[in-house]
Amino acid sequence: MSKVIKNGTIVTADLTYKADVKIEGGVIVEIGPNLSADEVLDATGCYIMPGGIDPHVHLEMPFMGTYSADDFESGTRAGLAGGTTMVVDFCLPGPDQSLLEALQMWDNKTSRANADFSFHMAITGWNERVFDEMKTIVQDKGINTFKHFMAYKGALMVNDDEMFASFQRCAELGALPLVHAENGDVVASMTAKLLAEGNNGPEAHAYSRPPEVEGEATNRAIMLADMAGVPLYVVHTSCEQAHEAIRRARQKGMRVYGEPLIQHLTLDESEYFNQDWDHAARRVMSPPFRNKQHQDSLWAGLQAGSLSCVATDHCAFTTEQKRFGVGNFAKIPNGTGGLEDRLPMLWTYGVNTGRLTMNEFVAVTSTNIAKILNMYPKKGAVMVGADADLVVWDPNRSKTISAKSQQSSIDYNVFEGKEVKGLPRYTLTRGEVAIEESTVKTKEGHGKFVRREPFQAVNKALSTWKELVAPRKVERTGIPATGV
Ligand code: DUC
Ligand code: ZN
Ligand code: ZN
Ligand code: ZN
């Protein structure tokens with residue numbers, strides 16, 4: 001059965017043009033005028049774009065004494081409803097668990113996925129087994145990214161020596177390290193002080209993780225990556241201090257990628273103040289929401305290209321789960337949802353306001369991500385031979401975001417009440433229609449794992465450090481006699 005999408009305008013990261021798109025066997029087989037096929041999808045008045053890729057989600061993840069509430073079924077369904085056709089989830093090995101065992105556990109969660117997925121592997125400790133397994137993960141398992149938590153002390157956090165060792169290993173293997181950049185020691189210290197002073201509400205979560213904590217860690221990770229000669233991907237860049245460090249590194253020629261979240265771009269710290277406990281706690285995530293100046297910095301970074309992509313860090317918890325932290329903000333499960341809303345929100349607040357062009361929108365929601373994570377042009381492209389992961393985007397469809405009509409299984413939505421204009425008419429996953437306007441036609445189990453091969457060449461940062469202090473043997477005479 002072939003399909004053709006007719007009468008639409010194709011929008012890619014660099015081109016906007018009118019053409020039909022023909023699909024067969026799950027891939028794009030032809031692009032051009034007047035194509036015919038067994039089935040026609042009408043795209044009159046719409047844009048045909050590569051489906052969104054969310055590079056950062058946590059589905060059914062064990063975390064802070066519970067599990068994130070959306071699994072691979074509801075999470076991918078939510079994504080498809082909002083035009084996102086692929087997610088990359090984080091595999092988190094438990095204390096002393098082998099990476100391969102953890103990967104098997106993660107793989108077991110995916111049998112009902114409606115859309116394609118991939119994994120980042122987290123490095124949560126360092127020993128010889130981890131060193132060895134990293135090679136298997138990259139070369140046999142098709143995962144070329146390793147995540148490092150610089151926060152969550154006593155749980156997921158790695159120290160600088162562990163992180164530096166892992167970065168060097170990534171350089172050897174052609175893998176890309178990722179960092180959650182917050183100074184975990186400082187967060188732990190500020191958390192203890194706030195609690196001791198009786199600051200136990202959700203607003204104290206934001207006080208415990210100010211922008212400086214993120215800026216310091218971002219800069220530290222960049223310097224370590226530079227010394228290891230490896231590029232770096234900084235997840236959930238939320239503030240000017242972190243963005244500044246990324247800008248500076250890129251300006252020096254380093255390949256450092258920053259990923260703001262749609263939540264940080266559109267919601268600010270006022271969500272934590274003058275609101276009831278549930279409202280504030282539902283918005284507790286790390287890093288926390290920031291003020292207007294930080295939001296402006298993130299938008300500027302997307303425009304100028306110093307920030308590369310927009311994600312969600314979708315890690316949804318129900319109100320009941322959030323209430324684990326009544327009386328102690330440090331026990332509120334960290335995380336917010338956004339998978340269904342990322343594209344409509346970014347279109348509404350980015351494209352409709354003139355902050356982003358349509359092509360920039362495609363770049364930061366799909367194409368840049370596919371390139372950085374090494375799966376382009378299988379994903380992230382409208383191109384003959386690419387997977388037909390497509391969204392037929394209707395710029396005139398609008399709705400009011402509401403938990404009542406969302407796909408996510410939680411009982412609220414952090415964007416509740418926001419009016420969005422720009423929504424999918426169709427979402428296709430490998431050529432199959434998963435969403436037709438508000439009708440959900442997803443198929444459980446359709447989603448497949450996407451392998452991501454090692455980078456062909458390790459990206460060397462243009463470090464001057466190496467030139468200055470690379471070990472150099474010195475023929476020296478006149479060495480004083482030892483032993484006194
Ligand atoms: N931040 C969150 O808010 N949730 C999941 C993990 C993280 O880093
Ligand atoms: Zn994180
Ligand atoms: Zn995350
Ligand atoms: Zn299928």
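The values are calculated or read from the model by the stated rules, or taken from the named source; none is laboratory data. As the structure is a computational prediction, the values presented were derived from the model and not from experiment. Heads up, the Cβs are rebuilt from the backbone with ideal geometry, glycines too, and the neighbour counts pull from every protein chain shown. Quick note on the areas: whole protein, heavy atoms, side chains included, nothing else; ligands and nucleic acids left out. Shrake-Rupley method; radii C 1.70, N 1.55, O 1.52, S 1.80 Å.
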Inset, instruction - Could you please let me know if residue 261 is closer than 29 Å to residue 404 by Cβ and within 14 Å of ligand 3 (Cβ to nearest atom)? - result: yes
Legend entry - Filtered residues of region 314-335 (kept if in contact with a strand residue (DSSP E or B) (Cβ under 8 Å, 6 or more places away or on another chain) and either away from ligand 2 (no atom under 16 Å from the Cβ) or not aliphatic (A, V, I, L, M) (or both)): 314, 315, 317, 321, 324, 333, 334, 335
Inset, instruction - Could you tell me whether any residue of region 107-114 is open to solvent by 50 Å² or more (accessible area, probe 1.4 Å), in a helix (DSSP H, G or I) and not β-branched (Val, Ile, Thr)? - result: yes
Legend entry - Whichever residue in region 271-296 is away from ligand 3 (no atom under 16 Å from the Cβ) and in contact with a Leu (Cβ under 9 Å, 6 or more places away or on another chain) and, among such residues, is nearest to residue 157 (Cα to Cα): 290
Inset, instruction - Determine whether region 143-151 contains at least one residue that is part of a loop (DSSP other than H, G, I, E, B), touching a helix residue (DSSP H, G or I) at 6+ places or on another chain (Cβ under 8 Å), farther than 28 Å from residue 65 by Cα and open to solvent by less than 30 Å² (accessible area, probe 1.4 Å). - result: yes
Inset, instruction - Starting from residues that are in a helix (DSSP H, G or I), within 16 Å of ligand 1 (Cβ to nearest atom) and of a type outside the set (A, V, I, L, M, F, W, C), keep the ones in region 267-289 and report whichever is surrounded by the most Cβ atoms within 10 Å (Cβ to Cβ). - result: 282
Legend entry - Count of residues meeting criterion [without any contact (Cβ under 8 Å) to a residue 60 or more places away in the chain, aliphatic (A, V, I, L, M) and either assigned to a strand (DSSP E or B) or open to solvent by less than 10 Å² (accessible area, probe 1.4 Å) (or both)] in region 392-438: 0
Inset, instruction - Could you tell me whether region 164-177 includes any residue that is open to solvent by less than 60 Å² (accessible area, probe 1.4 Å), touching a Pro at 6+ places or on another chain (Cβ under 7 Å), at pLDDT 95 or above and small (Gly, Ala, Ser)? - result: yes
Inset, instruction - For residues that are among the hydrophobic types (A, V, I, L, M, F, W, C) and surrounded by fewer than 20 Cβ atoms within 10 Å (Cβ to Cβ), tally how many sit in region 211-242. - result: 2
Legend entry - Of all residues making up region 357-374, the number that are outside any helix (DSSP H, G or I) and either of a type in the set (Lys, Arg) or open to solvent by less than 10 Å² (accessible area, probe 1.4 Å) (or both): 1
Inset, instruction - Starting from residues that are open to solvent by 10 Å² or more (accessible area, probe 1.4 Å) and part of a strand (DSSP E or B), keep the ones in region 51-79 and report whichever is nearest to ligand 4 (Cβ to nearest atom). - result: 67
Inset, instruction - Evaluate region 212-219: report whether one residue or more is under 25 Å from residue 287 (Cα atoms), touching a Pro at 6+ places or on another chain (Cβ under 6 Å), in contact (Cβ under 8 Å) with a residue 24 or more places away in the chain and more than 16 Å from ligand 4 (Cβ to nearest atom). - result: yes
Inset, instruction - Please indicate, with yes or no, whether at least one residue in region 38-45 is in contact with a strand residue (DSSP E or B) (Cβ under 6 Å, 6 or more places away or on another chain), more than 30 Å from residue 412 (Cα to Cα), among the aliphatic types (A, V, I, L, M) and not in a strand (DSSP E or B). - result: yes
Inset, instruction - Answer yes or no as to whether residue 208 is of a type in the set (S, T, N, Q) and open to solvent by less than 20 Å² (accessible area, probe 1.4 Å). - result: yes
Inset, instruction - Please find, among 142, 201, the residue that is away from ligand 3 (no atom under 16 Å from the Cβ) and touching a strand residue (DSSP E or B) at 6+ places or on another chain (Cβ under 9 Å). - result: 142
Inset, instruction - Look at residue 32 and say whether it is more than 16 Å from ligand 4 (Cβ to nearest atom) and either more than 19 Å from residue 114 (Cβ to Cβ) or hydrophobic (A, V, I, L, M, F, W, C) (or both). - result: yes
